[in-house]
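Q: Structure provided below as structure tokens; questions to follow.
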Amino acid sequence: MDGKVKKQKQHQQKHSGPKAEKKKAKKQRGSAEEDERKRNPKAFAVQSATRMAKTFHRAQDIKTRKHHIPLVDRTPLKPPPIVIVVVGPPKVGKSTLIRCLIKNFTRQKLGDICGPVTIVSGKKHRLTFVECNNDINTMIDLAKVADLVLMLIDASFGFEMETFEFLNICQVHGFPRIMGVLTHLDSFKNNKTLRKTKKNLKHRFWTEVYQGAKLFYLSGMVYGEYQTQEVKNLGRFISVMKFRPLVWQTSHPYVLVDRMEDLTDPDKIRTDPKCDRTVSLYGYLRGTHLKNKGQVHIAGVGDFQVSDVNFLPDPCPLPDAQKKRALNEKERLLYAPMAGVGGVVYDKDAVYIDLPASHVNQQQEEVRPTTELVQSLIDTHATLDAKMAASKVSLFSGSATLDPTDISEQSRYEKSVWDPKTQRERRKVLFTEEEEDEEDEDASGSSDDEADESVEEEDQNEDDLSTFLKEARLESTKATAGGGPPVKKQKLEEKEGEGGETEELAFADSEDELENSSEESESEGEAGRARDSGHSDDMAKSESEEEAEQGMCMIRFSLNSWALRWKEGLQQKASEAFLRQQEAAPNLRKLVYGSADDSEEEEEEEELGGLFRVSRPQKSKKFQANARDCSRFNPDSSHNWDLEEMLNSIRDCFVTGKWEEGQDAATLLKEDEELYGDFEDLETGEIHKDQTGQQDENDEDDGDEGEESLVKVDDEEVQKNKRLEKKRRLKERFDAEYDDGDATYFDDLKEEMQKQAELNRAEFEDVDDETRVQYEGFRPGMYVRLEISPLPCEFVTNFDPHYPVVLGGLGSNEGNVGYLQMRLKKHRWYERILKTRDPLILSLGWRRFQTIPLYHIEDHNGRHRLLKYTPQHMHCGASIWGPITPQGTGFLAVQSVAGTKVNFRIAATGVILDLDKSVTIVKKLKLIGYPYKIFKNTCFIKGMFSTVLEVAKFEGASVRTVSGIRGQIKKALSTPPGAYRATFEDRLLMSDIVFLRSWYPVSVPQLYNPVTSLLLPVGQKDSWSGMRTLGQLKHDLGIRNKPNTDSLYKPISRAQRHFNPLHIPNELQKALPFKSKPKQQQRKGKTPKDLQRPSVIREPHERKVMALLHALSTVKNYKRNKAHTLQHAKHKGFLQQKKKEEEAKLKRQKEAQKKLYRVMGQLDKKKQRSSLKGASQDD
Amino acid sequence: MASQGLSYDGCNFFRQRLVLATLSGKRVKIKGVRSREDNPGLRDFEASFIRLLDKVTNGSRIEINQTGTVLFYQPGLLYGGSVEHDCNPQRSIGYYLEALLMLAPFMKTSLKATLRGVTNDPTDPTVDLLKSAAIPLMKQFGIDGEGFDIKVVKRGMAPGGGGEVVFKCPVRRSIKPVQLTEPGKIKRIRGVAYSVRVSPQMANRIVDSARSVLNQFLPDIYIYTDHMKGANSGKSPGFGLTLVAETLNGCFLSAEMSSTPQGQGDPVLPEDLGRNCAKLLLEEVHRGGCVDSSNQSLALLLMTLGQQDVSKVLLGPLSPYTIEFLRHIRDFFQIMFKIEVQKPLEDERKGGDKVLMTCLGVGYSNINKSIK
């Protein structure tokens, strides 16, 4: 063109005219959809009912599929750190990843990942990292406690068996969140293969976990660490992850132990290194509430009773709630005592300072005393005190020996101990049962002193540090023994001076006491507090009861000893309890639980062989111990129900009584009127005002005039409240109506659960922790310290922080052992089938144990038949003797936990069905006997039983022969023993074998052998082996079964068979027809000469004649044959002719008949017609 | 396995201990059973109770020493099913039934227990009382289903007995938490006046006298008369009355009274009995709460065995039996109740102090029920 731009015509908006109006109308109407529906109703009509039904169905399906059974949300407000388990085969980069993540979150570097590492990752997030090694025990334990699993996969190698094994373990024990992480991606040089591998691995991972499961890629290493950005991304993914509650975890308390201290008396260890240990375990409580004194299972060790639980201040607390975006450096905490982070750790009564162990140890090693004397001194296992105690002196020969214990009882209060093994300084508080006077103490103190001095002498060669510590300690002990009285002792004495009782208070029971205790708790530890609140109690008591107990003072003074003081307390308490009962408002909590606490004090004193705690009822209640056991609550005699005032006191309990403000029908009606009083009658246009409102207004006006302004303000307040109330009611009603249309059962249920969750949260919120713990147990999220007393020493000596210690709480019944029925299926990847009675290691609940299962299957008639082997691809039943675990719990089985084989290790999986020996497993037993006398259908059979009694038991039982003849056992015979008479449906042969098919019940072997893998020495923890299978035993011992000689192959030698001739009795022969008669078929012998016919020799003439005759007859025969064939052919032709003629004749006849019938028919018709005509004519 | 067991002295609260031991799976040893008395050892009724326990459980071990003063009980699993038991007539069937009510929801198969013996006597809660108060209470905890009922087939008064009761109960896997904090107002009073082997007029006389007291409060009173004859009337004569007050919120308060057993103590007039029983009901109303005094322990047990949620129940003053039961619950389940006294307001006329019991359930699940 010519460069000139042609101008486009501008759009002119119409402001008037039909178009503008149309647009205006459209704008005004606004909602176009409705309009469309109105304008074109056909387009929105139902086109196809089926289709509509289908769409509706689909929509409903999708909706319902989203539903889960609503559960009460029991997650605590301050949840414990999330457990992240990092799993993978060796050398895949687990430790590196943890290190990188920790560095990412806390900016700290950690060397060896030893035990769980807890970090604060965000304002509301804490994480605990645990590394899972390749041992299947560890994998099983950690799968049970994991919230999130980081599954590391070496992309350059592909999937390894461990990955699949772990996935399978997870599947059985509830499926935690699983995130795959691909490492070693930098080993791929070719980009295409990299992509392909990623895709392949991803899809395989998806099939195992779920479609779309997150798989993370860590592309390469930079200076031995993963790339910062990638680690950061991974950290983000972790912190936004949501977790679903797992059934087992939410119904059981558990602790992933992150710290362990040995509390055993070091002296005891020195004398007996293999003595049972007292150990305190620390960790965050997870799952659900843990009750004190409950039973726990330590995976890999066994079941134990917790002797004490305390909660400690959180070592890794979340930052205070402040409005800010990120954490500052101080708040990024890291807590990993097992990894040696942070040298100082706190306990409830001690502080532990960790010194670099290797350094001190080495020096000790070098300067080891060499002289034999010192060596022997060191090796003494008993202290001088102990030896003194053991030595006995007899003053006169033959008299009883005197023990030092007779003279004085040891009592120590404080002892600080150097534990050379753990390299820790600890202070230990020791109490003896009875307090002695000062002199004895002095004596014992001095003896202590001596002992310490001797120890000091031994240790003189030790390095500077330890000697310094020793000296410091020595000073302290000297101080204890000498002038400066120790603090704790002082307290005791104080108490003695007051003459009060020692009352161990479980919790503050009255409000004033609560205040007391809260005041004092700030200054002192809990032990002190309990005692102190006891003091205050005492004071109060002594004041109130001074007058009442004048007489008792005498006794009080006479009873000096500490041991007897509780009895006095009892008396006091009993009287006090009585007084309280008399009072109008008894302190019920004290009444119910308080007195029982005192009985616990006694319990500690009396213990029967560690088996039963003796709980003795109070002395004052002694008379009740054998009282009548009746739940009836006898009425209060002070109430006289004939009096009017008594009757009036319960008037409001009945519907006829006065109602509360919010429920009274009259007030409710009034309110309704207020709400709905005004209405307009649409038909008449009349407006009804509600009268009450007017009245109220009037009243208000009247009141306002007469009253002051202060009251007015109040009135306004009241009015405002009323309005608010009104609004609330209206809203409630609206909500109710509005929701009702859509409300479903599901919604109701959800709401109910929501309410319950709120109640659960709110109920104990304002109670202080000490008391709260009493009510609901230790709640998840708390950092707890569990003291467990008789632990095997191997747990401590062979402790390896690389192996996780999982402490799982057990339910009320789960501490027992019993029979379990389960459904089991051999894993399809496990190569062999499992044999009945072969020991199997099961992971069930918290436990891992070896047991002997019996496999069985249910027959059609409900019989449970024992199987020798598990079926290949089918479920079967299994019965074991094991720990009681709730039904529906999954389990997995492995054949051995030792070593890592190349094959898939998980042998079977299944679920618990029943906890009872309700199923009797039977196996088939065939008893075999032989007939020894046969009558018609009756037989005498021997060899099946050995006594008459046995036969008597089986009388009437059905038997069968191999050939299928059925029979019945009738009665035992006297001789031979065990023989019996039986009848059959047919006659037996002597060669028949009779058998009786019976079912023999099998008992489940009672083997329950917990896998104690944690007790094994360090480095051998993955080599636990329990009971061996029969096959293994035979293999190990080189025993081979002697084969059945019948089963052996032998050269086959077949003897020539001879058949006897058929013999038919003469009688029968006679009766037979000739055809069937046996012919005399013996070969003809040579006929004797005289019977032989002479041969004919013809003359020549005769020969000629014969030849002629022969020729003639041949000719004649030929002619005759020829004529015969001719005749035959002729006759054939004739027959054909005849047939043809016949057919023609038939045809003709048929036609003739046809003609005839037609004529006849016509005639008939005619006749009929004529007759009809005639009839009509006649009419 | 670490052995856990509890030990007690004396035979008081015998049933509580055995029932809680069975539910918690802990073994229990009871020593010094009437060891100081002339006639030491377990009584016949206690032996009968043990036998009943043995019938409903499977695999439990009970050892009693020669004199019967020491009892060791290792509980098995609760089996249930159809059970017939001849209860010792020293105590009424209520004694046995109270324990069965606690155990029945946690059995393997639903329980159908036929108990024979004394149905009504003055000491124990009678069968009628349990039927009218305990069953609706258990329904509040979600224990409901087909045939959940106590049926009095034959009535047998003390001391002869000869009554028969059929108790059926379905099994549950878990128990619902409850919030019974508001008893509501009493809307109706129902009752059963029974008489056996005496004139049928007796029942009518009881009804009249009871109504005369209760009519001051409520018009909606209906007391059924139940006169059993012939084979259904047991071996001893007697009569009695059970009254139940139902509130708007579905709580039941009950009271009862039976005539003194034949040949023991002074005979009572039916008029006196009716009046006294009505007063007992008033006493019960005065105590108040959502559960009546004889079923307190049942309610507390079901709260304890609930899911791990907070349950609340408002009770009247705690009976000594309940207090001991609370201690036992702490021994067996390590559960403590939060006990708050609610004092009535000044102008309120709703009887005496109430006690609000709050606890967190242990999360008990019926381990006996099998899954298929």
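The values are calculated or read from the model by the stated rules, or taken from the named source; none is laboratory data. The shown structure was predicted, so the numbers you read here are calculated from the model rather than taken from an experiment. A quick note on method: Cβ atoms are made from the backbone with ideal geometry, for glycine too, and the neighbour counts reach across all protein chains shown. Side chains included, ligands, DNA and RNA excluded: accessible areas come from the protein's heavy atoms. Shrake-Rupley method; radii C 1.70, N 1.55, O 1.52, S 1.80 Å.
Q: Work out the FRET efficiency for A:THR55 and A:PHE799 from their Cβ-Cβ distance, taking R0 = 60 Å, and round it to the nearest 0.05.
A: On the way: r = 64 Å, r/R0 = 1.07.
E(calc), rounded to 0.05, equals 0.40.
Q: In addition: Suppose every K and R has +1 on its Cβ and every D and E has -1 on its Cβ; what is the size of the dipole of region A:890-944 about the Cα centre, in Debye to the nearest 20? Don't skip to the answer; put the middle values down first.
A: Details: 9 positive and 2 negative charges, 103 e Å.
Using Cβ point charges on Lys, Arg, Asp and Glu, region A:890-944 gives about 500 debye.
Q: Let me know the shape class of chain B, please: from the alpha-carbon gyration tensor, a ≥ b ≥ c as square roots of the eigenvalues, rounded when a/c is under 1.5, otherwise prolate if a/b is greater than b/c, or oblate. List each step's numbers first, then the result.
A: Details: a/c = 1.66, a/b = 1.20, b/c = 1.38.
It is oblate, given that a/c is not under 1.5 and a/b is not larger than b/c.
Q: To the nearest 20 debye, what is the magnitude of the charge dipole of region A:781-859 about its Cα centre, counting +1 on the Cβ of each Lys and Arg and -1 on the Cβ of each Asp and Glu? Before the final figure, lay out the partial values.
A: Numbers: 10 positive and 8 negative charges, 72 e Å.
Using Cβ point charges on Lys, Arg, Asp and Glu, region A:781-859 gives about 340 debye.
Q: Let me ask you something else. Provide the solvent-accessible area of A:MET52, counting protein heavy atoms only and rolling a 1.4 Å probe, rounded to the nearest 10 Å².
A: The value for A:MET52 is about 110 Å².
Q: Once you list every other residue whose beta carbon is under 12 Å from the beta carbon of A:ILE1064, what net charge do they have if Lys and Arg are +1 and Asp and Glu are -1?
A: Working: positive: A:LYS1070, A:LYS1077, A:LYS1079; negative: A:GLU1067.
So the surrounding residues net to +2.
Q: Once each part is reduced to its C-alpha centroid, what is the distance from region B:249-316 to region A:230-268 in angstrom?
A: 49 Å
Q: Taking the Cα centre of each part, how many Å lie between region B:171-239 and region A:820-887?
A: That distance is 55 Å.
Q: Would you please give the FRET efficiency between A:LYS274 and A:ARG733, computed as 1/(1 + (r/R0)^6) with r the Cβ-Cβ distance and R0 = 56 Å, to the nearest 0.05? Spell out each step's value before the answer.
A: Values: r = 75 Å, r/R0 = 1.34.
With R0 = 56 Å, the Cβ-Cβ based efficiency is 0.15.
Q: Using Cα positions and a limit of under 21 Å, work out the lysines in reach of A:LYS24, with same-chain residues fewer than 8 apart set aside.
A: Reachable lysines: A:LYS14, A:LYS38.
Q: Just tell me how shielded A:642-653 is by partners: mean number of partner chain Cβ atoms within 10 Å of each residue's Cβ, no decimals. Write out the running numbers ahead of the final one.
A: On the way: counts 3, 0, 1, 1, 5, 7, 1, 9, 13, 6, 7, 17.
Mean inter-chain Cβ contacts per residue within 10 Å come to 6.
Q: So for the pair A:HIS1124, A:MET753, with labels modelled 7 Å out along Cα→Cβ, what separation do we get in nm?
A: Simple spin-label model gives 10.7 nm for this pair.
Q: I'd like the carbon and sulfur percentage of the solvent accessible area for region A:289-340, probe radius 1.4 Å, heavy atoms only, ligands and nucleic acids excluded. Walk me through the numbers before you get to the answer.
A: Values: 1300 of 2490 Å².
Looking at region A:289-340 in its full context, I get 52 percent from C and S.
Q: Taking the Cβ of B:SER92 as the centre, find all other residues whose Cβ is under 15 Å away and add up their charges (Lys, Arg: +1; Asp, Glu: -1).
A: Net local charge, B:SER92 excluded: 0.
Q: Shifting gears a bit: May I ask you to order A:977-983, A:1013-1019 by the average number of other C-beta atoms within 10 Å around their residues, highest value first?
A: A:977-983, A:1013-1019
Q: In chain B, what cysteines have no partner Cβ closer than 4.7 Å?
A: Flagged as lacking a Cys partner: B:CYS11, B:CYS87, B:CYS169, B:CYS277, B:CYS359.
Q: Averaged over its residues, how many other protein chain Cβ atoms are within 10 Å of peptide B:277-285's Cβ atoms?
A: On the way: counts 0, 1, 7, 3, 1, 8, 8, 3, 4.
Taking all residues of B:277-285 together, the mean is 4.
Q: Shielding of B:168-179 by partners, i.e. mean partner chain Cβ atoms within 10 Å per residue?
A: Working: counts 0, 0, 0, 0, 0, 3, 0, 0, 2, 4, 0, 3.
Whole-number average of other-chain Cβ neighbours for B:168-179 is 1.
Q: Mind checking which of A:CYS100, A:ILE140, A:HIS57 is farthest towards the positive end of region A:32-187's charge dipole, using Cβ charges of +1 (Lys, Arg) and -1 (Asp, Glu) about the Cα centre?
A: Going by the Cα projections, it comes out as A:HIS57.
Q: Residues with beta-carbon under 13 Å from that of A:LEU1109, excluding A:LEU1109: net charge, scoring Lys, Arg +1 and Asp, Glu -1? Spell out each step's value before the answer.
A: Numbers: positive: A:ARG1098, A:ARG1103, A:LYS1104, A:LYS1116; negative: A:GLU1102.
Charge balance near A:LEU1109 sits at +3.
Q: To the nearest 20 debye, what is the magnitude of the charge dipole of chain B about its Cα centre, counting +1 on the Cβ of each Lys and Arg and -1 on the Cβ of each Asp and Glu? List each step's numbers first, then the result.
A: Working: 47 positive and 37 negative charges, 216 e Å.
Charge dipole of chain B: 1040 debye, to the nearest 20.
Q: OK, next. Please tell me the relative contact order of region B:306-372 in percent, rounded to the nearest whole number, where contacts are Cα pairs under 8 Å and at least six residues apart. Please report the intermediate quantities before stating the final value.
A: Working: 91 pairs, mean separation 32.6, N = 67.
Computed over region B:306-372, the figure is 49 percent.
Q: Which trypsin sites (Lys or Arg not before Pro) in region A:1081-1160 pass both tests, a DSSP loop state and at most 12 other beta-carbon atoms within 10 Å? Walk me through the numbers on the way to the answer.
A: Numbers: sites: A:ARG1083, A:LYS1084, A:LYS1086, A:LYS1089, A:ARG1098, A:ARG1103, A:LYS1104, A:LYS1116, A:LYS1119, A:ARG1120, A:LYS1122, A:LYS1130, A:LYS1132, A:LYS1138, A:LYS1139, A:LYS1140, A:LYS1145, A:LYS1147, A:ARG1148, A:LYS1150, A:LYS1154, A:LYS1155, A:ARG1158; in loops: A:ARG1083, A:LYS1084, A:LYS1086, A:ARG1098.
Here the trypsin sites (Lys or Arg not before Pro) that fit, given the DSSP loop and packing criteria, are A:ARG1083, A:LYS1084, A:LYS1086, A:ARG1098.
Q: While we're here: Going by average Cβ neighbours within 10 Å, how do the peptides A:771-781, A:723-733 rank, with the highest at the top?
A: Values: A:771-781: 21.9, A:723-733: 11.5.
Result, highest mean first: A:771-781, A:723-733.
Q: Quick one: ranking B:GLU63, A:GLU716 by accessible area, 1.4 Å probe, largest first, what do you get? Let's see the in-between values first.
A: Numbers: B:GLU63 90, A:GLU716 115 Å².
Sorted by accessible area, descending: A:GLU716, B:GLU63.
Q: Region A:95-140 to region B:56-115: how many Å between their Cα centroids?
A: First find each Cα centre; the distance between them is then 53 Å.
Q: Which whole-number percent gives the relative contact order of chain B, counting Cα pairs below 8 Å spaced six or more residues apart?
A: 15 percent
Q: Treating cross-link reach as a plain straight distance, find the lysines whose alpha-carbon is under 28 Å from the alpha-carbon of A:LYS330, omitting any fewer than eight places away in the same chain.
A: Cross-link targets: A:LYS78, A:LYS94, A:LYS103, A:LYS109, A:LYS123, A:LYS124, A:LYS232, A:LYS242, A:LYS348.
Q: Give the percent of DSSP beta bridges with both residues in region A:52-183 that are antiparallel, rounded to the nearest 5.
A: Numbers: 4 of 20 bridges.
Of the beta bridges lying entirely in region A:52-183, close to 20 percent run antiparallel.
Q: For A:GLN1032 and A:LYS232, compute 0.36 nm times the residue count separating them, minus their Cα-Cα distance, and round to one decimal in nm. Each step should come with its number before you reach the end.
A: On the way: separation 800, 0.36 × 800 = 288.00 nm, distance 5.04 nm.
Contour length minus the Cα-Cα distance gives 283.0 nm.
Q: Could you bin all the Cα-Cα distances of region A:268-318 into 5 Å bins starting at 0 and give me the percent of pairs in each, rounded to whole numbers?
A: Using 5 Å bins, I get a P(r) of 4, 13, 21, 23, 15, 13, 7, 3, 1 for region A:268-318.
Q: While we're here: What lysines sit close enough to A:LYS1140 to cross-link, taking a C-alpha to C-alpha distance under 24 Å and skipping anything fewer than 8 places away on the same chain?
A: Filter leaves A:LYS1130, A:LYS1132, A:LYS1150, A:LYS1154, A:LYS1155.
Q: Would you kindly give the portion of the calculated P(r) for region A:852-1004 that falls above 29 Å, as a percent of all Cα pairs? Present the calculation step by step, with values, prior to reporting the outcome.
A: Working: 4950 of 11628 pairs.
Counting every Cα pair in region A:852-1004, those more than 29 Å apart make up 43 percent.
Q: List, in the order given, every pair from A:LYS826/B:LYS369; A:LYS293/A:LYS1021; A:LYS926/A:LYS971; A:LYS66/A:LYS825; A:LYS755/B:LYS187 whose Cα-Cα distance in the structure shown is over 22 Å.
A: Working: A:LYS826/B:LYS369 26 Å; A:LYS293/A:LYS1021 29 Å; A:LYS926/A:LYS971 19 Å; A:LYS66/A:LYS825 30 Å; A:LYS755/B:LYS187 28 Å.
Over 22 Å apart, Cα to Cα: A:LYS826/B:LYS369; A:LYS293/A:LYS1021; A:LYS66/A:LYS825; A:LYS755/B:LYS187.
Q: Expressed as a rounded percentage, what relative contact order does region A:901-1027 have, with Cα pairs under 8 Å and six or more residues apart?
A: On the way: 217 pairs, mean separation 34.7, N = 127.
The normalised contact order for region A:901-1027 reaches 27 percent.
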